[in-house]
Amino acid sequence: MSSAFSFALHARDGGARLGEFRTPHGVVQTPAFMPVGTQGTVKTMRRHDLEEVGAQIILGNTYHLLLRPGDELIARRGGLHAFIGWPHPILTDSGGYQVFSLAERRKITEAGAEFRSHIDGSAYMLTPESAVDIQARLGSDIGMVLDECLAYPALRDDAERSADRSARWAKRCRERLDQLRSGDTGDVAVTNPGQAQFGIVQGGVFQDVRDASAAATVDLGFEGYAIGGLSVGEPVDIMYSVVGETARHLPADQPRYLMGTGTPEDLVECVARGIDMFDCVMPTRAARHGQLFTSEGRINIKNARFAEDDGPLDPACGCYTCRTHSRAYLRHLYMVGETTGSALNTLHNLSFYLDTMRRIRDAISLRTFERFRQEFLRSVSRLSPDS
Ligand SMILES: [Zn+2]
């Protein structure tokens with residue numbers, strides 16, 4: 001069966017692109033931000049909350065779902081959508097990023113990554129083929145190829161070697177998916193036959209290595225292309241430059257996904273450089289630590305100046321949290337460690353991110369993106385992070 005995935009580009013404004021992609025579970029308007037649902041849930045959020053803030057697609061982490069509750073158990077429930085009660089699009093990563101973060105608990109060879117679970121130490125082997133099989137059982141709408149994640153800083157030779165291996169792994173991932181699509185599924189219960197697959201460009205901060213990686217990845221013919229291995233500690237101006245140059249080497253008529261980025265400013269700056277999709281734990285993780293994104297910059301809700309502040313968290317925000325509660329109450333919940341505080345803060349931060357994406361899309365369609373960009377960067381940098 002062929003992929004049910006398609007992408008349409010509706011407008012451009014400078015480097016920024018307005019479009020949408022279709023999946024077996026619905027349409028996603030781009031530029032899009034994907035909240036991260038690590039363990040089959042976006043922490044503290046119910047489906048209703050995610051729909052209310054305007055999430056059109058969420059991300060699931062293959063590594064965590066593989067360990068608990070297991071991809072085969074999820075396949076027997078009909079796949080990830082049915083299991084977690086989210087009928088809208090889902091993207092899964094390959095699990096590689098988490099495995100590479102295990103440091104001494106993993107061993108990488110050409111075959112794949114051998115690792116031990118961070119939970120009980122049991123041994124696993126993640127190969128390009130098994131990463132495809134696991135995601136086929138999960139049945140996400142977009143699966144990602146297994147790539148080798150390079151630490152920063154890295155030497156040029158290492159970046160080149162790693163990008164070459166990622167290209168060889170990408171080829172194996174594509175061949176395995178083609179095999180599943182042809183009906184030769186063996187013991188793999190494919191829960192979403194319309195699943196698309198994205199390739200990933202690597203190469204660290206070396207632009208010629210990135211360019212070669214982009215060419216090799218595009219040559220394999222994926223439904224979309226991601227830029228991986230950024231936001232790992234490199235200076236932000238280098239990240240922006242690599243994103244802009246690499247995007248130029250990706251097909252104009254297919255979606256471009258910048259993995260694991262970033263701040264609200266990063267989203268706007270990378271949309272300007274031709275990126276269509278983002279994911280990041282920042283809005284959800286920061287919310288649980290009381291760090292909140294507002295139209296006037298970032299605030300830390302535990303700051304004593306909010307103790308008797310009856311105003312809304314963000315006067316310009318229409319989310320449930322801002323409509324219903326005061327800064328004084330949110331600070332109180334944070335100080336006493338109530339989980340309701342984490343949920344209210346997460347709802348607001350995701351609302352801020354997804355509202356920013358909506359405003360970006362509106363600006364591109366009105367051809368006013370550059371003006372939006374300047375005003376946005378001015379307003380979000382008005383307050384610096386206070387701790
Ligand atoms: Zn709000």
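The values are calculated or read from the model by the stated rules, or taken from the named source; none is laboratory data. All figures in this text were calculated on a predicted structure; none of them were measured in a lab. Neighbour counts run over all protein chains shown; Cβ positions are idealised from the backbone, glycine included. Surface accessibility is based on the protein's heavy atoms, side chains included, excluding ligands, DNA and RNA. Shrake-Rupley method; radii C 1.70, N 1.55, O 1.52, S 1.80 Å.
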* Asked: Of the numbered conditions (1) more than 15 Å from the ligand (Cβ to nearest atom); (2) open to solvent by less than 10 Å² (accessible area, probe 1.4 Å); (3) of a type in the set (S, T, N, Q), residue 303 satisfies every one except a single condition; which is it?
  -> (2)
* Structure fact -> Those residues of region 232-277 which are under 21 Å from residue 376 (Cα atoms) and among the hydroxyl-bearing types (Ser, Thr, Tyr) amount to 240, 241, 261, 263
* **residue 357 closer than 26 Å to residue 242 by Cα and open to solvent by 10 Å² or more (accessible area, probe 1.4 Å)** => no
* All but one of (1) surrounded by fewer than 16 Cβ atoms within 10 Å (Cβ to Cβ); (2) part of a loop (DSSP other than H, G, I, E, B) hold for residue 238; which doesn't? -> (2)
* Could you list all residues from region 177-192 that are in a loop (DSSP other than H, G, I, E, B) and of a type in the set (A, V, I, L, M)? => 188, 189, 190
* Asked: Name the residues in region 54-67 that are more than 14 Å from residue 87 (Cα to Cα) and crowded, with 21+ Cβ neighbours inside 10 Å, would you?
  -> 62, 63, 65, 66
* To do: Give just the number: which of (1) within 14 Å of the ligand (Cβ to nearest atom); (2) more than 22 Å from the chain's Cα centre (by Cα) does residue 310 not satisfy?
  => (1)
* Structure fact -> So, first residue under 15 Å from residue 342 (Cα atoms) in region 304-325, second residue open to solvent by 70 Å² or more (accessible area, probe 1.4 Å) and in a loop (DSSP other than H, G, I, E, B), Cβ within less than 8 Å, six or more apart or across chains; the pairs are 322/315
* Residue pairs meeting the criteria (Cβ under 6 Å; at least 6 apart or on separate chains; first under 18 Å from residue 311 (Cβ atoms), in region 282-299; second among the basic types (Lys, Arg)) -> 290/302; 296/382; 297/382
* Meets criteria (more than 10 Å from the ligand (Cβ to nearest atom), assigned to a strand (DSSP E or B), in contact (Cβ under 8 Å) with a residue 40 or more places away in the chain and surrounded by 14 or more Cβ atoms within 10 Å (Cβ to Cβ)) for residue 373 -> no
* **strands (runs of 3 or more DSSP E) completely within region 83-141 that count 1 or more residues being acidic (Asp, Glu) and open to solvent by 40 Å² or more (accessible area, probe 1.4 Å)** => 113-116
* **Residue under evaluation residue 304, criteria (1) at pLDDT 95 or above; (2) more than 30 Å from residue 248 (Cα to Cα); (3) in contact with a helix residue (DSSP H, G or I) (Cβ under 8 Å, 6 or more places away or on another chain), criterion not met** => (3)
* Just one of (1) touching a His at 6+ places or on another chain (Cβ under 6 Å); (2) among the aliphatic types (A, V, I, L, M); (3) within 16 Å of residue 55 (Cβ to Cβ) trips up residue 281, so point out which. => (1)
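Can you tell me how many residues within region 331-363 are more than 16 Å from the ligand (Cβ to nearest atom), not in a loop (DSSP other than H, G, I, E, B) and not small (Gly, Ala, Ser)?
7
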* Filter result for residue 366 (open to solvent by 10 Å² or more (accessible area, probe 1.4 Å) and either within 14 Å of the ligand (Cβ to nearest atom) or modelled with pLDDT of 95 or more (or both)) -> yes
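Determine if region 248-261 includes at least one residue that is in a helix (DSSP H, G or I), under 18 Å from the mean Cα position of the chain (by Cα) and surrounded by 23 or more Cβ atoms within 10 Å (Cβ to Cβ).
There is no residue in region 248-261 that is in a helix (DSSP H, G or I), under 18 Å from the mean Cα position of the chain (by Cα) and surrounded by 23 or more Cβ atoms within 10 Å (Cβ to Cβ).
Based on what the data block shows, is residue 7 aromatic (Phe, Trp, Tyr), within 25 Å of residue 360 (Cα to Cα) and part of a strand (DSSP E or B)?
yes
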